[in-house]
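Notes follow the structure.
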Amino acid sequence: PENYRDNIVYAAKQLNKSNWKQALDHIFAIKMINKMHEFHNEQFRSTLILRVKEAALKAFLCRSARSYESFGVQSLCDLFALTKPQLLQIVNRLIIKGKLQAHMDLLSQFIVMDTERIQSNEAKELQ
């Protein structure tokens, strides 16, 4: 990437692919951000990292909803380097807002996709 715009575009592309680490690398490579006083604040950096992970998780779940019946909570925590409470909070928010057609089976520690609701929503969109 030659300039900050290229870094932002590459970061967005990586987020769309759920590659949160590469997205952060592109964001942190922007010289302008490194010069910001707020960027050196640990709370700001940790919030930024969490939001990037959250965006990558959302992209992954929305993109993979049609392909998988369920996701293991622990495997998602490992994949996105999130704590279990952080992951459950993000997934709960997506389910409540109707952006993810799923339910959580906390007993077996899985996020189960509601394939019937996904298919009926797709059918409605085609009409």
Provide a single number: the residues in region 60-116 that are within 16 Å of the chain's Cα centre (by Cα) and among the acidic types (Asp, Glu). 1
Sort out which residues of region 1-53 are assigned to a loop (DSSP other than H, G, I, E, B) and closer than 15 Å to Ala81 by Cβ, and write them in order of number. Ser18, Asn19
I'd like to check something: does region 93-105 contain any residue that is open to solvent by less than 20 Å² (accessible area, probe 1.4 Å), farther than 17 Å from Ala55 by Cβ and either among the small types (Gly, Ala, Ser) or modelled with pLDDT of 95 or more (or both)? yes
Evaluate the following for Leu57: is it open to solvent by 50 Å² or more (accessible area, probe 1.4 Å) and modelled with pLDDT of 95 or more? no
Return the only residue of Ser18, Ser67 being modelled with pLDDT under 90 and among the polar types (S, T, N, Q). Ser67
Failed condition for His103, given (1) within 27 Å of Ile8 (Cβ to Cβ); (2) touching a strand residue (DSSP E or B) at 6+ places or on another chain (Cβ under 7 Å): (1)
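The values are calculated or read from the model by the stated rules, or taken from the named source; none is laboratory data. In this text, all values refer to a predicted model and were calculated from it rather than measured experimentally. Note that each Cβ is placed from the backbone with ideal geometry, even for glycine, and that neighbours are counted across all protein chains shown. These area figures cover heavy atoms from the full protein model, side chains too; ligands, DNA and RNA do not enter into them. Shrake-Rupley method; radii C 1.70, N 1.55, O 1.52, S 1.80 Å.
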